[in-house]
1. Within the stretch 135-153, count every residue that is under 16 Å from the mean Cα position of the chain (by Cα), within 20 Å of Leu40 (Cα to Cα) and either surrounded by fewer than 22 Cβ atoms within 10 Å (Cβ to Cβ) or free of Cβ contacts under 8 Å to residues at least 40 places away in the same chain (or both).
2. Please indicate, with yes or no, whether at least one residue in the stretch 114-123 is in contact (Cβ under 8 Å) with a residue 40 or more places away in the chain and either among the polar types (S, T, N, Q) or under 28 Å from Trp182 (Cβ atoms) (or both).
3. Could you give every pair whose Cβ atoms fall below 7 Å, whose first residue belongs to the stretch 169-181 and is more than 16 Å from Gln36 (Cα to Cα) and of a type in the set (Ser, Thr, Tyr), and whose second residue is at pLDDT below 95 and part of a loop (DSSP other than H, G, I, E, B), counting only separations of at least 6 or pairs across chains?
4. Among what's in the stretch 6-17 and is under 17 Å from Glu174 (Cα atoms) and open to solvent by less than 50 Å² (accessible area, probe 1.4 Å), pick the residue that is farthest from the chain's Cα centre (by Cα).
5. Would a scan of the stretch 60-69 turn up a residue that is open to solvent by less than 60 Å² (accessible area, probe 1.4 Å), closer than 22 Å to Cys32 by Cβ and in contact (Cβ under 8 Å) with a residue 60 or more places away in the chain?
6. Can you pull out the residues in the stretch 154-182 that are more than 30 Å from Leu142 (Cα to Cα) and either open to solvent by 50 Å² or more (accessible area, probe 1.4 Å) or at pLDDT 95 or above (or both)?
7. With the structure loaded, tell me whether Gly11 is more than 21 Å from Ser190 (Cα to Cα) and at pLDDT 90 or above or whether it fails that test.
8. Kindly indicate whether any position in the stretch 5-15 is closer than 23 Å to Ser157 by Cβ, touching a residue at least 60 places away in the same chain (Cβ under 8 Å) and not in a strand (DSSP E or B).
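The values are calculated or read from the model by the stated rules, or taken from the named source; none is laboratory data. Here the structure is a predicted model, which is why all the values come from computation and not from measurement. Note that we place each Cβ from the backbone using ideal geometry, even for glycine, and neighbour counts take in every protein chain shown. The accessibility values were calculated without ligands, DNA or RNA, using every heavy atom of the protein model including side chains. Shrake-Rupley method; radii C 1.70, N 1.55, O 1.52, S 1.80 Å.
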Amino acid sequence: MLAAGASRRFGRPKALLALSEGDGRKRTLLDCAIGQGRLLSRDVRVVCGAWYPLVRFRCRMQPSRWVPVADWNEGVATSLAAGIRSVGPRAKGVFVLVADQPLLDKEALRAFGEAARCFPGLPAAADYGRRPGVPAYLPRWLWPEVLALEGDRGAGSVLAKAKATRLNIPGVHEDIDTPEDWARIREALSRIGLQARQFPD
């Protein structure tokens, strides 16, 4: 889970944005993201930087491991490298998510995780139309190329070059960069919560 950025465009730490639950309790955006990660794997690691350790103490849901990155300001490539290097030698691959996509479809995420476990040597990623993106699955053989990235470059180019399988995951286009994004997504989350209470599974 990549959550190391400073949220400069937003103006305050996005990871700590508050979401209301049906019982009136509050959780953070990062709590929601950790829950998404657990749909993919029991081992959820949060790569953090700019707002660490504040985010750690404000989260109700704790990951398997916090991975602080001292040079987080060098770009997303540094965060990706830190996350990969934190994983043990037995891992066949890693899932990559970001903390600001709270509208990701849960069933699509579960299906994504199952597909990666069935074919652990195949890279896979969300389909953004012209490019692959997060959520993504990086098999171990791709790690050297990802570790060679520099600056504010994610793994999209590596996934495209490897012809990663692209999967439809509703909600990938709804990320939070500005307060206006947050207002729109918070309203959508409120509607989804109401529908879930009215029409339970």
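1. So the count comes out to 0.
2. Looking for residues that are in contact (Cβ under 8 Å) with a residue 40 or more places away in the chain and either among the polar types (S, T, N, Q) or under 28 Å from Trp182 (Cβ atoms) (or both), one finds none in the stretch 114-123, hence no.
3. As it stands, the answer is Thr178/Arg9; Thr178/Phe10, since those pairs meet every condition given.
4. If we take residues in the stretch 6-17 being under 17 Å from Glu174 (Cα atoms) and open to solvent by less than 50 Å² (accessible area, probe 1.4 Å), then Phe10 is farthest from the chain's Cα centre (by Cα).
5. For the stretch 60-69, residues open to solvent by less than 60 Å² (accessible area, probe 1.4 Å), closer than 22 Å to Cys32 by Cβ and in contact (Cβ under 8 Å) with a residue 60 or more places away in the chain: present.
6. Selection gives Pro179, Glu180.
7. Taking the combined requirement at face value, the residue does not satisfy it.
8. Yes, the conditions are met somewhere in the stretch 5-15.
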